[in-house]
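The values are calculated or read from the model by the stated rules, or taken from the named source; none is laboratory data. Remember, predicted model here, so these are calculated numbers, not experimental data. When we count neighbours, we look across all protein chains shown, and the Cβ atoms used for this are built from the backbone with ideal geometry, even at glycine. For accessibility, only protein heavy atoms count, side chains too; no ligands or nucleic acids. Shrake-Rupley method; radii C 1.70, N 1.55, O 1.52, S 1.80 Å.
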Amino acid sequence: MHELIEQEIVKRTKDHENNEWQSLIPEGGYKSPDAYLYEDILLSVVLKKAILLKGPSGSGKTKLAESIAALFEQPMHSINCSVDLDAESLLGFKTVVQKEGQTWIDFVEGPVVKAMKEGHFLYIDEINMAKPETLPILHSVLDYRRMLTNPFTGEVIQAHPNFGVIAAINEGYIGTTPMNEALKNRFVSFAIPYITGEQLAGLVDEYFPTIQATLKNSMLSLATDLRKQAENGLVSEEAASIRSLLDAIELAQYMSPIRAVRYAIAEKLDDASEKQLVIELAKTWME
Ligand SMILES: Nc1ncnc2c1ncn2[C@@H]1O[C@H](COP(=O)(O)OP(=O)(O)OP(=O)(O)O)[C@@H](O)[C@H]1O
């Protein structure tokens, strides 16, 4: 591992030991698809870049963000973007409280403000799904300024040195909104592919340590086929989702593997011929 990353791990783990946020430190476990991707992302985090992870559903983007937070032993706050996301869900809101018989207006800090002040990670999932007018509020947080003037309180917040932003987008998906250019420009971007080969076999072993070798091999062979068919455009990319594969393997320990593949992989596809193709491929390995 690069020495910059090692030095930063020592520094940050010390900064965050014994704090009240321990329960927000996630578990790691991300497997890099190649020798350099994960380390390059870690270096970019150390260099205080905002990170954008672009990849299909179930490719491990959330797991990757969690693993970064776990490595530095830093708590992570998550935001799920939707059209309903507003400034209050990002920054916080004012509320009325009764203290010692008196009425006060208090500000309940939202995830962005908490993460900036405490030096935590902020994970912004499906960042392209937010309304275009909501996220510009984060522009000064995401670029070199790393600061925010809270419009609800007037407070000027300069981010803690350990604060970091990791955002994710399911790019390339039909129906997904492209990301606003000025927002995208503030990130360094990484394509996150589905893992294959040894990495995938290792992940299956970790999730299912007692799995039968025949089931494991047939599911891994099916995964290879599905990835090839997705590359050739014969099935949608999600057919090769690692999440779906793990679900299929779990179900297959209790029912016929073909039915497991149907429920966990094929039925999620919209196109009838794609569903059929997945089942035909499964039959070549599992009957
Ligand atoms: N490279 C990987 N290393 C470790 N686990 C992985 C990897 N890829 C996928 N997984 C596993 O697959 C499942 C789905 O991963 P995750 O939720 O991180 O995907 P995602 O890309 O965030 O999906 P979505 O875009 O749908 O939110 C999890 O159980 C995760 O552990």
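In this calculation the C-beta distance from Arg145 to Ile5 is compared with R0 = 41 Å, giving a FRET efficiency of 0.95. Across the stretch 134-148, coupling constants 3J(HN,Hα) worked out from phi with the 6.51/-1.76/1.60 Karplus curve, θ = phi - 60°, read 7, 7, x, 4, 8, 3, 6, 6, 7, 9, 4, 5, 6, 9, 8 Hz, and Gly and Pro carry x.
As a fraction of the 1.4 Å probe accessible area of the stretch 156-256, surface on carbon and sulfur atoms comes out at 51 percent.
Divide the volume of the convex hull around the Cα atoms of the chain by the residue count and you get 168 Å³ per residue. Taken per residue, the accessible surface of the chain reaches 51 Å², heavy atoms only and a 1.4 Å probe. Just so you know, the averaged projected area of the alpha carbon convex hull for the stretch 33-88 sits at 5.1 nm².
Database remark: amide H of Gly92 closer than 5 angstrom to the amide H of Gly110 (H placed geometrically; neighbours at sequence offset of 5 or more, or on other chains; Pro and chain starts carry no H).
Spatially, the stretch 222-287 and the stretch 67-131 are offset by 38 Å when compared through their Cα centroids.
Counting heavy atoms of the protein chains alone, Leu4 has an accessible area of about 60 Å² for a 1.4 Å probe. Candidates Leu4, Gly58, Met255 compared by Cα position along the dipole of the chain: farthest toward the positive end lies Leu4, with charges placed on Cβ.
Taking the DSSP beta bridges with both ends in the stretch 3-191, the antiparallel portion is around 40 percent. Hey, with R₀ at 35 Å, roughly what FRET efficiency would Ser273 and Leu43 work out to, going by the Cβ-Cβ distance, to 0.05? Given R0 = 35 Å and the Cβ-Cβ separation, E is 0.20. Backbone amide hydrogens, once placed in the peptide plane, bring Asn162 within less than 5 Å of nothing, excluding anything fewer than 5 places away on its chain. R0 = 35 Å: FRET efficiency of Tyr207 with Glu287, Cβ-based, nearest 0.05? Efficiency for this residue pair is about 0.90.
Between 0 and 90 degrees, rounded to the nearest ten: what's the tilt of helix 37-46 against the longest Cα principal axis of the chain? Helix 37-46 and the main axis of the chain meet at about 0 degrees.
In the assembled protein chains, Asp270 presents an accessible area of approximately 150 Å² (probe radius 1.4 Å).
Highest mean packing first, where packing is the average number of other Cβ atoms within 10 Å per residue, the peptides 255-261, 144-150 line up as 255-261, 144-150.
Against the chain, whose longest principal axis is taken from its Cα atoms, helix 197-207 shows a tilt of about 70°. The 1.4 Å probe gives accessible areas that order Tyr36, Tyr254, Tyr263, Tyr123, largest first, as Tyr254, Tyr36, Tyr263, Tyr123. Among the protein heavy atoms of the stretch 1-120, carbon and sulfur supply 49% of the accessible surface, probe 1.4 Å, non-protein parts ignored. For the chain, modelled as a GNM whose springs connect Cα atoms under 10 angstrom apart, the maximal fluctuation among Glu155, Glu73, Glu100 occurs at Glu100. Beyond 28 Å in Cα-Cα separation lie the following of the pairs Lys14/Lys61; Lys61/Lys117; Lys54/Lys268; Lys114/Lys184; Lys63/Lys131; Lys131/Lys275: Lys131/Lys275. For the chain, the mean residue ellipticity at 222 nm estimated from helices alone is -12500 deg cm²/dmol, where every DSSP H run of n ≥ 4 contributes -39500 (n - 2.57) and the total is divided by all residues, rounded to the nearest 500. Among Ala87, Ala230, Ala70, the largest mean-square fluctuation in a Gaussian network model of the chain, built with springs joining Cα atoms closer than 10 Å, belongs to Ala230.
Using a probe of 1.4 Å, the accessible surface attributed to Glu109 totals some 60 Å² when neighbouring protein chains are kept in position.
Taking amide H as placed 1.01 Å from N in the peptide plane, the amide H of Ala167 sits under 5 Å from that of Ile51, Leu52, Leu53, Ile124, each at least 5 places away or on another chain.
Net charge in the neighbourhood of His77 (other residues with Cβ under 10 Å of its Cβ; Lys, Arg +1, Asp, Glu -1) is 0.
Measuring nothing but how far apart in sequence close Cα pairs (under 8 Å, 6+ apart) lie, relative to its length, the stretch 1-137 scores a relative contact order of 25 percent.
Against the chain, whose longest principal axis comes from its Cα atoms, helix 61-71 is set at around 60 degrees.
Net charge dipole, the stretch 197-286: roughly 280 debye, given to the nearest 20, about the Cα centre with Cβ charges of +1 for Lys and Arg and -1 for Asp and Glu.
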